[in-house]
Each structure stands twice: as C-alpha cells, then as structure tokens.
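Down below is the structure, laid out as structure tokens.
The values are calculated or read from the model by the stated rules, or taken from the named source; none is laboratory data. Computed from a prediction, not measured in an experiment: that's the story for all the values here. Here the Cβ positions follow ideal geometry from the backbone for every residue, glycine too, while neighbour counts run over all protein chains shown. These accessible areas exclude ligands, DNA and RNA; they are computed on the full protein's heavy atoms, side chains included. Shrake-Rupley method; radii C 1.70, N 1.55, O 1.52, S 1.80 Å.
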Amino acid sequence: MMKSRPMAATLALFTAAGLMLGGCSAPTGGDTGEKKLTFMFRGGEDEKKAYEKAVQQFETENNVDVDIIVTTADQYATKLKAAIAGKQVPDVFYIGPGDVQAYVQNGIVKDITEYVEGSDTIDLDNIWEYGVDSYRFDGKRVGEGAIYALPKDVGPFSFGYNKTMLEKAGIPLPDKDKPYTFDEFVAAAKKLTADTNGDGALDQWGTGLNVQWNLQPFVWSNGGDWLNADRTKVTVDTPEFAESLQWFADLQNVHGVTPAAAEAQTLDTYQRWMKGEIGFFPIAPWDLSTYQKLGFEWDVIPYPAGESGKTASWIGTLGIAVSESTKYPEDAVKLVEFLTANKEAQQSLVDAGIQIPNLKDMAETWAADTSTKPANKAEFLEIVKDYGRALPGGNTYNAEWYDELFTNIQPVLDGKQTAADYLKEAQPRMQEFLDAANQQAGN
Amino acid sequence: MTTITRPRRSRLHRKEHQAALLFVAIPVIGFLLFTLFPLLFSVYASFTNWNGISAPVFKGLDNYTKMFGDRYFLKSLWNTLFMMIGIPVGLVISLALALAMNRKMRGTTFFRTVYYLPVISSIAAVAILWQWAFNGDFGLINQGLGLIGIEGPNWLQDTSTVKPALIIMAVWKGLGYSMLLYLAALQSVPRYLYEAASLDGATAWQQFRHITIPMVRPVTFFLIVTSIIGGSQIFVEINIMTPTGGPEFESASIVWYIWQKAFDNLQMGYASAMSVVLGLLVFTITFIQFRLNRRNQFSID
C-alpha cells in the first residue's frame, strides 16, 4: 500500500495531464486530409459580414476550409499575442505597419514577395503603392524591401464641411483644389460660430478637432514633422511644429471657434457634427456609411495648409499577413490576395461604406460615381496617391515616444502653457522612448 | 507485516485513495500549470528583455532599476494607491446600509436587491454606463447637479476629478457585496448582548460602538484585505472609461500600465518585472494586515 500511493499519484497526474494537454493542442486540420486555414481579424459588424461572405466564396472556389476568428478592435492585440505565445499563430491575420518590424525579426510573418509577384490572381500595379509599401521591410526600415503583408485597406483621413451651414452663413464654398490658409480657415470658422436660436449660448461652431487625430495635417503642412528622415531624432521642438500646435490650441482659446475645452472630446464633437452644429470636421472612409444619412449637405476638401501652402494628411492602413508556421503557405497567400484584391469582396466592403477600394481602377470608378456622397471622393484618392503620409508612430518599433506627446498635452490645449514651452519639455522624454524603441528594434 | 486481514480491507481503501488522488490531482495540476508555472515564468521574464514573441534575453536587474526612474510607473502606483480611498468610504456606507437593512421595515428585500445589482452586473457594461453618466455635457450626474444649480466638471477629462469619478463608481459597484456580508454578520450578533447592554443603561451609540463594531470586525478585516487586493488590480473600469490612461496619466492604474507596456509597447519583460513588484507589494501589505489582526483578535464564548 505504501508503494501504491506514489504510483496512483503518478497515474492520476499523467491521466489529468494527458487530458489537459489533449485539450490544448487541438491539431489544426490535416488529419482529415482537408486543408484548413485560420483567419484572425478584428472589426465591426459590417466588416465581419463582408469578410464572412468573401471567405465563403474563397472556400468554395479553392476547396479550403477557413476558420474565422473575429475580435473587437481593442482585444485584438492581446489575443494575437496570446496566440503567438502559445504557438498557435493563425495562418492568416491582420497586422499594422507598426508591427511589421517586430514580427519579421521574430519570424512570425512570412515573406510573401515571391508568391505575390508571381501571382496570377493579383496585379500589384493595380493596388495602392502606399498600401503595399507599408508592409515592406528590408531588415532596417519599414517601407522598402520584401513584402510581408498586403493591405486590407488604406484609410485616407480627410476633411469636410457642412455645405448647408456655410451657404446659410453666406460663406463662399471652399475650393476643392486650393486649400484654405490657416488664417482663411479661422476667418470662416469665426463666421460660423454663432448663437443661432438666440438663447444666449453658442450652438454652432466653426470646427471641433481632436488633437490626437487631427494635429498631424497642420504640423506637416506647416513644414514641421515628428521625426527626422532616418527616424532617429524627435523633431517636435522646431518652431514650425510649435507654431502649428499653438495655432491648433488657439482655435479654442483665442478664436473660440470650437466647443469649449471641456466639450472637445471626439465623441461630443462627432455627435455635434452629425447634428449639424459644426462647420468643418474630419471625414474618414469608415464614416461614409454613417454620413450618408446626415440631415445636411456636405463635401470633402483638403485640410487647411500652413506655411508650406501644401495640404497634408495621414493614411491609416491595416495589412493581412501570413504566418511563417502555416502548413499551407500557398493557400494562405491566396486567401490574403483574395481578401485584398477580389473584386466582389472589395465591392461589398465599399458598398458597406467602410473603406475605399484597394484596386486603383475600381477606386477611380467609385470616385467618379456621383450617386453617393460626397461629391469630391477624388480627394480621398489624392491623399492616397499624392499627399498622404503614415502616422508618425506607425513606422517605429513601438509608438511609446509618439503617445508621450499627447499624454501631457492638455495644458497647452487649455491655454495654460505655450506650445513652444511644452514641446521643449516633451522632446527629451520622447527622444528617450524613441532611443529605447530603436535599440529594441536593433536586437 | 502486521496482520493478515489488512490487505483484504485495503483494496477498497486503495481504490478510494486512488480515486481521491485523481480528484485532487485535477486542481493541483491546474494550479501547477496555470498558476505556478506562469508565476515562476514571469519572475524569470522579469529579468529579461522580452517582447512577448521572441526569445527572452537575460538582462539581470535592468528592469528593476529602470522602474524606479520611470515616472509613469511611480505615477500609476500613486494613482492606484489614491483610488483606494474608496475602500474605507465604501465600508462605512455599506455598514450604514446594512444597519438600515437589518431593521424590520417594509421593502428591505427590494432595497437589498437594488444594492446588490451592481455586484452581479458585468463590469464592462457598468463602466460604459458610468462613462456616459460622467459625460460633461449630457451626463446624468451633471444634469442632476444642474438641477441644484451646480455646473459639474467634465469628470473624466479633468485631472482633478477623474480619480474621484472612478472612486465613486468603484464604491457604488462594491457596496452591495460589503453590505451583504455586513448584514450576515449583524444578524449573527447574539441578541442577549444588546439586551444586557440596554439593561445596564447603554445608549444606542454605545451599543453600536462596543457591541456591533467589535462583533463585525472579522467581516471588516476580510473586506479590507480583499478590497486592497482587488483595488490594487483595478483595470477594466480604467481601460474602458479612460482608454489612454486619463488626462495627463491621472487615472492610469498600475495594472493598466503593465498591460499597456506588455501589449501595446512590446515590453513583456519590463511588464513582468512590474507585476512581480506589484505582487510583492500586495503580499507584504496582506502579511502586515494579518499580523495586525492577530493582535486584535478576541472571541466570545
């Protein structure tokens, strides 16, 4: 009996361990001889629906089984990391341009250059260069070299105005080819800011912007930038940068053309814009479906431009990558190509009003179509083709240095600190984070 | 060796022992695999430079020395500590509520349910609800304040109100649970103690002070310990209500900061080191509490 106790324990241990491990390591297909891929992505209802439809079509056409894993936007990073740590990397999954470097260096994503360039289902020349280049990496810099993902979408962040409101206020409509100067923009916004129902409180404003998502166009068009060319030095302490940030803060503090400081949260100005209380507001492709139902006329224009006179904006993008460990690289790449460039899949996403087409020819047709708003859809394409840039935090190993700028920015927006002072203070802290990120990237 | 009858009886024994061990093994293995192993691994990871996907590189105490120069680490630690102000406040209110509920009056069941509802509601849903309630323009709270002529702040955007806002919500959320435990404790206080006290001429306050409070002390102790452990891990509310850590990092809690480092900024090693420090802090505080409590213990017979 004395002997049997450890025996029993060991037995029990093995049984239980076997049970648990069995549960963990569910084989990813292969047993039945049928090909099975997993595709992990994030997104809202519309995207889910469009992708499910596309994936179904892919399954029947290619005789492959695809398992879909959808998460919400804010859970995606956590779940994907967990999957990677557990060596259960999905065969096909979303990555952002900011992840490319780390994922390539750690052998998580596959170099798909050969497959994509030699492919007969996809024509690289017909896909936005910006979209593809965002997922190139040559071992040093993101943006050049081998292709590690294809774009799921490109998201040019544009600017718009409430046409009905401007007409009522007797303001000449802005030119879609010639951006406002900063001063012209302030003048127009001032005219729009008013108390229209005479109750003594403002109920209409020129604009209402969120610093984190709207500052970039103004800084860039004013000749400033976040980083130097080789992304080693934080350059926010330049006069151009300070001037544009100060101008941005002054919209509220000096000119009073935005809802009061406390009300400037995106959500609130977003709601106010949709209620027709705001004259000028950012417009992104993923807003288009919602904005179709707005109760006023609106259109898209270039962002007001600073010193340089040249308008600027940023483009968001998400990519679809293939796991290095996939059992069926060819089918996985095919799925990526299908999701990026399949005409029907693209059309259903465009029809859902959440993105612009990835295919150039299709985008031109879309832009020329006048049956849906806005009239000036071509502006979105201009951003992608011509003047759009990546968000500054997107192309470095992590975005900690970039987030740092916004963490303590509130006093500037409230007019309690000058932009120049704040930036001088923030630069060394940002630089420290950037150095750490660059050092991480090098190892 | 001893008797002949033993083997006969022991077969059943052995069988039962085996079955018992099997039952015991499941939670034990679960503990080893899902608690002890990750715990030890994160201790190891805390000494490395690790981004969560590559192989960790050993760096010695780097992460630990870095921590004490990291102003956001210190700030989030301070924020977490500050938000624990809600614990005593919550205890006082829940004891008061429990006393009220303990009286024989109409509608106590209804009120008990009302106060317990937040406890069983999903924290994520509740956080979104409160986020709306705290909205500076349309929020329920500011509208309520508006009725009595006070212009409320933009709670979650203002550096001076964001922590109080989160505390208010945490107190509200935890009230029902503490109240229920207090209620149970109150109902188990022997009635004869009060009887004897009132015969001796003790006032209601004296009875409360010298009978009720000492009699519910074990519950108070339990609540303080669990609230401090829970409070040091506050995360979901913060992540939902102030997804960027609040204005000027004023509402970032330590767990939120750890999470951000690990998953947003690919610094799993550093995040592990901070978790280890947090774990040690919680352990130390709890240990001290148990020591203090032992000194204050008493029993009635």
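Calculated FRET efficiency, B:V89 and B:F287, Cβ-Cβ r, R0 22 Å, to nearest 0.05? The calculated FRET efficiency here is 0.35. Can you find, among A:Y115, A:I147, B:N265, the residue farthest towards the positive end of the dipole of the protein assembly as shown? Put +1 on the C-beta of Lys and Arg, -1 on that of Asp and Glu. Sorting the options by dipole projection puts first B:N265. Take the Cβ atoms of B:E16 and B:L129, set R0 to 41 Å, and the FRET efficiency comes out at 0.20.
Using every pair of separate Cα atoms, the Kirkwood estimate puts the hydrodynamic radius of segment B:5-65 at 15.0 angstrom.
Taking all protein chains together, B:H13, A:H255 sort by accessible area into B:H13, A:H255, largest first [probe 1.4 Å]. Normalising the Debye intensity of segment A:133-226 to I(0), with uniform scatterers on Cα atoms only, and taking log10 at q = 0.12, 0.18, 0.22 Å⁻¹ returns -0.61, -0.98, -1.22.
Counting only other chain Cβ atoms within 10 Å of each residue's Cβ, the peptide B:255-267 averages 4. Under Stokes-Einstein, with the Kirkwood radius over Cα pairs as Rh, the value for segment A:216-317 at 10 °C and 1.306 mPa s is 102 µm²/s. By how many degrees, between 0 and 90 and to the nearest 10, does the Cα long axis of helix A:4-24 differ from the longest principal axis of chain A? For A:4-24 against chain A, the angle is about 50 degrees.
Fully extending the segment from B:A55 to B:T108 would add 13.2 nm, taking 0.36 nm per residue of separation and subtracting the current Cα-Cα distance.
Model label sites at A:D177 and A:A229, defined 7 Å from Cα along the beta-carbon direction, differ in position by 3.2 nm. Over all pairs of different C-alpha atoms in chain B, the reciprocal of the mean inverse distance, the Kirkwood hydrodynamic radius, equals 23.3 Å. Gain on full extension, evaluated as 0.36 nm per residue between A:E34 and A:Q57 minus their Cα-Cα distance, stands at 6.6 nm. The Cα-based radius of gyration of chain A, divided by its Kirkwood radius, gives an Rg/Rh of 1.04.
Each part reduced to its alpha carbon centroid, segment B:113-186 and segment A:315-347 end up 45 Å apart. DSSP finds beta bridges in the protein assembly as shown, and of those with both partners inside it, around 65 percent are antiparallel. Among A:A321, A:A399, B:T159, which residue has its Cα positioned farthest towards the positive end of the charge dipole of the protein assembly as shown, with +1 placed on the Cβ of Lys and Arg, -1 on the Cβ of Asp and Glu, and the dipole taken about the Cα centre? Positive-end residue among those listed: B:T159. Of the accessible area of the protein assembly as shown, computed with a 1.4 Å probe over protein heavy atoms only, carbon and sulfur atoms account for 59 percent.
With the helix formula -39500 (n - 2.57) applied to DSSP H stretches of n ≥ 4, the protein assembly as shown reaches a computed 222 nm mean residue ellipticity of -16500 deg cm²/dmol. The dipole here belongs to chain A: it is taken about the Cα centre, uses +1 on the Cβ of Lys and Arg and -1 on the Cβ of Asp and Glu, and is about 1220 debye.
Dipole size of segment A:214-366 about its Cα centre, with +1 on Lys/Arg Cβ and -1 on Asp/Glu Cβ: approximately 200 debye, rounded to the nearest 20. Between helix A:419-442 and chain A there is an angle of about 20 degrees, using the helix long axis and the longest principal axis of the Cα atoms. The value for segment A:47-203 of Rg(Cα) / (2.2 N^0.38 Å) is 1.55. Which residue fluctuates most in the GNM of chain B (Cα springs below 10 Å): B:E151, B:E237, B:E16? It is B:E16. Nearest 5 is fine: what % of DSSP beta bridges in chain A come out antiparallel, could you say? Percent antiparallel among DSSP bridges in chain A is about 65. Could you tell me what % of all Cα pairs in segment A:375-443 have separations over 15 Å? Percentage above 15 Å: 65. Straight Cα distances below 21 angstrom link B:K15 to the lysines A:K3, with same-chain residues fewer than 8 positions distant left out. Go through A:Q246, A:Q216, A:Q204 and say which Cα lies farthest out towards the positive end of the charge dipole of segment A:197-253; charges sit on Cβ, +1 for Lys and Arg, -1 for Asp and Glu. Toward the positive end, the furthest listed residue is A:Q216. At q = 0.08, 0.09 Å⁻¹, what log₁₀ I(q)/I(0) does a Debye calculation on the Cα points of the protein assembly as shown give, no solvent, two decimals? These q points yield log10 I(q)/I(0) values of -0.82, -1.00. Under a model in which nothing but the beta-carbon of Lys, Arg (+1) and Asp, Glu (-1) is charged, chain B shows a dipole of about 1680 debye around its Cα centre. Each 10 Å bin from 0 upward holds the following percent of the Cα-Cα pairs of segment B:180-278: 14, 27, 18, 15, 15, 9, 1.
When chain B is treated as a Gaussian network with alpha carbon springs shorter than 10 Å, the biggest mean-square fluctuation among B:F283, B:F235, B:F138 belongs to B:F138. Between A:T418 and B:L33, the modelled labels are 6.4 nm apart [label points 7 Å from Cα along Cα→Cβ]. For the residues B:V162, B:V24, B:V89, a GNM of chain B with alpha-carbon springs under 10 Å puts the largest fluctuation on B:V24. Can you pick out the pairs among A:K191/A:K385; A:K424/B:K66; A:K49/A:K293; A:K87/B:K59 whose Cα atoms lie more than 26 Å from each other? Beyond 26 Å: A:K191/A:K385.
A simple spin-label model places the labels of B:I148 and A:T71 4.5 nm from each other, with each point 7 Å out along Cα-to-Cβ. Compared with the dominant principal axis of the Cα atoms in chain A, helix A:329-341 is inclined by about 20°. Cross-link pairs exceeding 20 Å in C-alpha to C-alpha distance, out of A:K35/A:K334; A:K152/A:K310; A:K110/A:K152, comprise A:K152/A:K310.
The A-B contact accounts for approximately 3300 Å² of buried accessible area, totalled over both chains at a 1.4 Å probe radius. Only helices reaching 27 angstrom along their own axis (Cα) with mean Kyte-Doolittle hydropathy no lower than 0.0 count here, and for the DSSP H runs of chain B these are B:162-187, B:268-296.
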